[in-house]
1. Where in the range 1-90 are there helices (runs of 4 or more DSSP H), lying wholly inside it, with at least 1 residues that are over 30 Å from residue 138 (Cβ atoms)?
2. State all residues of the range 20-42 that are free of Cβ contacts under 8 Å to residues at least 40 places away in the same chain and surrounded by 10 or more Cβ atoms within 10 Å (Cβ to Cβ); if no residue qualifies, say none.
3. Which of the residues spanning the range 91-109 are outside any helix (DSSP H, G or I) and surrounded by 18 or more Cβ atoms within 10 Å (Cβ to Cβ)?
4. Determine whether residue 73 is outside the structural domain of residue 170 (by TED's automatic domain parsing) and at negative phi.
């Protein structure tokens with residue numbers, strides 16, 4: 001049986017390959033919570049931002065053509081609700097694993113989350129990323145999801161309310177896309193330094 005025939009099998013295969021890589025490359029001899037939480041943060045963050053980019057670069061631009069050829073109902077009934085489920089919970093998982101990573105990498109007394117959100121010495125770059133990620137999370141749950149429920153007919157809304165909700169959801173999603181670029185810069189620069 002091929003494990004790649006299911007998403008569960010695919011994920012399990014990836015985890016097994018990761019464990020093999022740890023042993024082949026030589027384990028450090030102890031648990032490294034900083035790497036564990038950063039790894040988890042990156043995995044769920046890719047899910048979140050990947051879906052954000054899918055919506056903005058593929059689904060939204062394709063909807064007029066899907067409406068014209070009659071395939072839009074399949075997208076709005078089957079694909080969008082599932083993608084939005086993964087999208088919003090990946091946002092939560094990304095924020096939580098990011099908070100755990102901040103705690104794990106912070107070696108001074110006190111909280112890594114507080115250090116980041118207050119732009120403490122050595123944490124200003126990642127602090128910017130934490131703030132941008134938090135704003136993005138709030139956009140997902142406070143603007144995108146409530147308005148998408150109207151657009152997709154999951155809650156009652158008039159055609160006028162749906163049109164307004166679609167615009168709000170789109171602008172919040174585009175805001176998150178724009179914010180994701182400096183957020184990703186801040187995340188990578190924390191470990192590697194700014195490009196200039």
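1. Values: elements: 7-25, 33-54, 60-69.
Answer list for the range 1-90: 7-25, 60-69.
2. Keep residues of the range 20-42 that are free of Cβ contacts under 8 Å to residues at least 40 places away in the same chain, which gives 20-32, 35, 39, 42.
Passing the criteria: 20, 22, 27, 32, 35, 39, 42.
3. Looking only at the range 91-109, we keep the residues that are outside any helix (DSSP H, G or I), and these are 106-109.
If the condition is that a residue be outside any helix (DSSP H, G or I) and surrounded by 18 or more Cβ atoms within 10 Å (Cβ to Cβ), then 106 is the only one that fits.
4. no
Residue by residue, here is whether (1) without any contact (Cβ under 8 Å) to a residue 12 or more places away in the chain; (2) within 24 Å of residue 86 (Cα to Cα); (3) loosely packed, with under 14 Cβ neighbours inside 10 Å; (4) not assigned by TED's automatic domain parsing to the domain that holds residue 50 holds:
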site: 111; (1), (2), (3), (4): yes, no, no, no
site: 116; (1), (2), (3), (4): no, no, no, no
site: 128; (1), (2), (3), (4): no, no, no, no
site: 166; (1), (2), (3), (4): no, yes, no, no
site: 174; (1), (2), (3), (4): no, yes, no, no
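The values are calculated or read from the model by the stated rules, or taken from the named source; none is laboratory data. Worth saying up front: this structure is predicted, and the values here are computed from it rather than measured. FYI the Cβ positions are ideal-geometry reconstructions off the backbone, even for glycines, and counts take in every protein chain you see.
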